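To start, the structure under review is shown below, and the notes come after it.
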Amino acid sequence: MHELTRPHLDDFTLLRYTAGDLDDIERRLAARHIEACAVCSQVLREIDELDQELKLVMPREERRSDLEEVELAHDDPFRTRPEQAPLRPPLRIPAGELARVALAASERSGAVSERILDAAAESGRVKPLLAELSLSDPVNRYGLLYALQEGGRRIAESPVRTLLFAEAALVRFRHSPPSEEDERVEAETVVPLLTLRGQAHLLAGQACNWTGDFEKARTHFELAYRCFARAGGDEVSLASVEYHESQRRSFTGSGREGVLLARRAEATFKQMGLEDNVARAQAAEGVALSMLGRDEEAVEAFRGGLAVFERMELWSNYVAAVNSIGTCLVRLGRLDEARREFARALRRVSRERRSSSVAFIRDGLAQVFFSARRFREAAVSFAQATRLYVQSGLLANALIASLFEIESWARQGDMARARHRLEIFRTGVAKQGALDPSISTRIQDALLGLNPDLERVAELRQLAEGIVRERLGASA
Amino acid sequence: MHRQVALRQALGEISTSCRRLLAAYYVEGQSLREAAEIFTLTYTNVSKTINRCLRRLRQCMN
């Protein structure tokens with residue numbers, strides 16, 4: 001082969017050659033040229049590779065763009081992002097001095113933040129603590145702001161306690177003395193009460209998303225959006241609300257709107273270089289796509305953020321993404337791939353450091369086995385999840401996993417184990433007052449005899465699951 | 001995976017008409033010759049536009 005100089009074949013001709021789109025004469029001429037020309041031969045190889053990639057990428061890209069035409073209703077508070085609020089009171093101190101005060105207050109706020117988070121982790125402590133916290137002090141405002149933000153990151157540990165924390169903060173703001181709301185004071189200039197209110201509504205909405213109270217979540221997100229807009233329209237805060245609202249819409253059957261809001265938030269986070277938030281927005285898009293039944297695209301969206309969650313040790317997000325990937329893969333019939341995904345996740349998340357995360361992953365894996373009707377493996381995995389949930393204090397989740405374990409043993413045909421686990425379960429619910437004892441008795445009856453009524457066991461398991469979730473507030 | 005990300009980005013930067021041609025071929029199953037008919041230009045001009053676009057996509061793969 002030698003190098004012909006002119007005329008080389010153009011890219012379109014070579015693509016048509018690859019596609020078999022040339023007529024006979026054109027094809028023969030092209031083939032002769034390619035054989036003799038090193039340059040065109042090389043370009044043809046590149047065109048071939050491009051063709052292979054485009055076959056994969058183009059259908060996905062086109063599906064992606066068909067969601068770009070979605071519009072929100074005219075009266076939807078999230079239709080467009082609010083304008084930045086223009087009004088800030090005239091500063092009594094020079095801007096440079098203000099920056100110094102803000103920086104110093106922010107740096108000294110760590111202890112306040114920790115104290116609030118410690119109190120929020122125990123029942124009944126956070127409300128009195130917040131009642132005594134003076135919000136005339138910029139240090140306390142930063143401390144509370146960071147605690148509310150961190151609360152969102154730790155939400156998987158206890159969504160119910162998180163909600164109580166957010167609500168306690170909102171009660172505190174309702175009782176703010178006028179001196180704290182005076183727009184001319186230093187603290188209000190540094191961290192406006194509206195920003196704190198917005199953050200508390202955002203956290204409350206997040207917690208409601210986790211517990212499944214979506215109507216309440218809607219109200220909180222709308223209020224958060226409004227508060228952040230009035231506080232100055234910080235784009236990142238507004239995008240954070242959109243990202244959580246996206247999830248709420250997806251969970252309530254408005255997946256297309258979910259995609260729109262997730263993408264809007266993602267664009268802002270990308271612009272600001274916030275890698276972790278970009279990954280979260282991608283996961284939110286994944287949730288929306290999976291709710292639309294577009295599992296293939298959803299898996300891709302979830303995987304987009306997984307490496308970032310892992311590298312930044314954002315384990316709640318990581319676990320949620322892994323479990324979502326697993327669910328989508330099972331629906332796509334790719335069970336082995338789902339198992340590998342969970343196995344990889346279990347290796348990543350060390351048990352010592354994050355038993356709750358491992359519990360959620362084990363639970364997700366168990367659900368995969370259960371869906372695939374591999375009941376023995378499901379039962380073993382549910383039992384491991386139960387133990388880890390107990391260790392992490394997530395009792396409602398432990399009880400629900402236990403119910404699944406009982407049903408798995410029953411479906412496996414191991415009635416002795418099913419009954420034995422039911423006895424342990426009964427003791428657990430009796431201690432927690434989580435369930436009417438008659439339901440456990442009805443499960444026991446369904447498990448009795450030579451032909452246990454498995455459909456009845458499943459029905460009762462669902463009923464019991466709903467009651468436990470409602471009474472104890474299981475994390476999703 | 002990197003190539004696909006780069007390719008996706010490049011697809012966002014090419015002309016709408018070229019993107020429509022690729023969609024007609026790769027998604028809707030039309031032949032390239034049929035797909036090229038969406039352009040109301042002479043074949044030479046169509047070729048020029050598509051060549052520019054394919055070159056851009058090919059470069060992003062390297």
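Where a number appears in this text, it was derived from the coordinates with a stated rule and is not lab data. Since the structure is predicted, the reported quantities are computational estimates derived from the model, not experimental observations. Positions of Cβ are generated from backbone atoms using ideal geometry, with glycine treated the same way; all protein chains shown enter the neighbour counts.
A few notes on this one:
- Sites A:E83 and A:A104, calculated FRET efficiency, Cβ-Cβ separation with R0 41 Å, nearest 0.05: 0.80
- Relative packing of A:277-283, A:302-308, which averages over residues the other C-beta atoms within 10 Å, highest first: A:277-283, A:302-308
- Between A:A307 and A:I467, the FRET efficiency estimated from the beta carbon spacing at R0 = 45 angstrom works out to 0.70.
- Using a Förster distance of 35 Å, the FRET efficiency for A:R456-A:E122 (Cβ separation, nearest 0.05): 0.30
- Cysteines, the protein assembly as shown, no other Cys beta-carbon under 4.7 Å: A:C208, A:C227, A:C328, B:C60
- Cα-projected label distance for A:D276 with A:S65, points at 7 Å along beta-carbon direction, nm: 3.5
- Euclidean distance of C-alpha centroids, the range A:218-284 and the range A:416-457, integer Å: 43
- Gyration tensor verdict on the range A:354-476 (Cα atoms; rounded if a/c is under 1.5, prolate if a/b is larger than b/c, oblate otherwise): oblate
- Subtracting the Cα-Cα distance of A:A372 and A:H175 from 0.36 nm times their residue separation leaves 65.6 nm of extension gain.
- GluC sites (Glu not before Pro) restricted to the range A:92-150 and DSSP loop, no more than 16 other C-beta within 10 Å: A:E122
- Computed extension gain for A:A111 through A:E35, at 0.36 nm per residue and net of the alpha carbon distance, reaches 20.0 nm.
- Nearby lysines by direct alpha-carbon distance to A:K127 (threshold 21 angstrom, same-chain neighbours under 8 apart not counted): A:K216
- Cβ neighbours within 10 Å from other chains - mean over A:51-57: 5
- Peptide-level mean, for A:12-18, of C-beta atoms on other protein chains within 10 Å: 5
- Pairs of Cα atoms farther than 41 Å apart, chain A, %: 34
- Helical mean residue ellipticity (222 nm; -39500 (n - 2.57) per DSSP H run of 4+; nearest 500) of chain A: -24500 deg cm²/dmol
- Charge dipole (Cα centre; +1 on Lys/Arg Cβ, -1 on Asp/Glu Cβ; no other charges) of chain A amounts to roughly 1880 debye.
- The charge dipole of the range A:354-476, taken about the Cα centre with unit charges on the Cβ atoms of Lys, Arg (+1) and Asp, Glu (-1), comes to about 340 debye, rounded to the nearest 20.
- For A:K270, the lysines whose Cα falls under 29 Å of its own Cα, not counting residues fewer than eight places away in the same chain, are A:K55.
- The modelled label-to-label distance between A:K216 and B:E28, using points 7 Å beyond Cα along the C-beta direction, is 5.0 nm.
- Ranked by the mean number of other Cβ atoms within 10 Å of their residues, highest first, the peptides B:18-25, A:27-34 come out as B:18-25, A:27-34.
- Extension gain for the segment A:L448 to A:E423, taken as residue separation times 0.36 nm less the Cα-Cα distance, is 7.7 nm to one decimal.
- Cα lying deepest toward the dipole's positive end in chain A, options A:T252, A:P138, A:A120, charges on Cβ: A:A120
- Cα lying deepest toward the dipole's positive end in the protein assembly as shown, options A:P59, A:N209, A:G333, charges on Cβ: A:G333
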